[in-house]
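Below is one structure, written out as structure tokens; the observations come after it.
The values are calculated or read from the model by the stated rules, or taken from the named source; none is laboratory data. Computed from a predicted structure; not experimentally measured. Heads up, the Cβs are rebuilt from the backbone with ideal geometry, glycines too, and the neighbour counts pull from every protein chain shown.
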Amino acid sequence: MARTPQPRKEATSVRLEPKVKYLVEVAARIQRRSVTNYIEWALEESLKSVDLFEDSQQSVADYADKLWQIEESRRFVILAITRKDLLSFEEQKLWELIIKYPYLYLKKCPGAWTDENINYKQIENDWELLNLAINGDTEASRELSDHHDAMIYDQDLEKQQTDQKLKEFMDTLKTPVTKEDYDRQIKELNNFIADLFNIEK
């Protein structure tokens, strides 16, 4: 039977006072754990007592599966929309740059910066470019700006084309005389809208 691969652990350095270090070793022996395993367990337990929001009793541990994501870009964005006040100065600059380009990073624009509406894949694709831009790379900034302007142009053009098609269709309609005329036009309108927006009939 194949074994489930365990996630790779990352090393970290912690400085402890001699008294605390000794007591940790004692506690680890009591629980028949290694010092490393005990510290990891104690840290995980402590997350249950740290409230993520001041006005609620939801802890960091409660939000663990939401906050932790494999992709660094997704982790960052989720933290930004969950607790923007926790961002460092550099992270604030990065977030301000992202929200500067809503047509790039929102699925529906104009729209809200919510988990459902954020285009995480596009942010992941541009992650290196975004980090270069906040560190003063003018070429990266220009590329992001040009891409955003192109998206605005494409969406404006698409809207104009949609409006024109709708106008042309409405011009073909006549004032219904009978209920059959009315029902037929409603059906034609529904079919037109479905074709226009690729909605399954």
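Structure values in brief
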| item | result |
| --- | --- |
| Of all residues in the stretch 100-121 being within 18 Å of GLU72 (Cβ to Cβ) and modelled with pLDDT of 90 or more, the one that is farthest from the chain's Cα centre (by Cα) | LYS121 |
| Pair list, Cβ under 6 Å, 6 or more apart: the stretch 51-79 residue part of a strand (DSSP E or B), other residue small (Gly, Ala, Ser) | ASP51/SER59 |
| Options GLU45, GLU72: the member that is surrounded by 10 or more Cβ atoms within 10 Å (Cβ to Cβ) and closer than 30 Å to LEU129 by Cβ | GLU72 |
| Tabulated pairs, the stretch 175-194, first acidic (Asp, Glu), second part of a helix (DSSP H, G or I), C-beta under 9 angstrom, 6+ apart or interchain | GLU188/PHE169; GLU188/THR172 |
| Failed item in (1) in contact (Cβ under 8 Å) with a residue 12 or more places away in the chain; (2) closer than 19 Å to THR82 by Cα, with CYS109 passing the rest | (2) |
| Test: residue in the stretch 57-69 that is over 21 Å from GLU124 (Cβ atoms), surrounded by 11 or more Cβ atoms within 10 Å (Cβ to Cβ) and out of contact with any helix residue (DSSP H, G or I) (no Cβ under 9 Å at 6 or more places or on another chain) | yes |
| Residues located in the stretch 113-141, provided they are in contact with a strand residue (DSSP E or B) (Cβ under 8 Å, 6 or more places away or on another chain) and without any contact (Cβ under 8 Å) to a residue 12 or more places away in the chain | ASN117 |
| Residues located in the stretch 80-106, provided they are basic (Lys, Arg) and not in a helix (DSSP H, G or I) | ARG83, LYS100 |
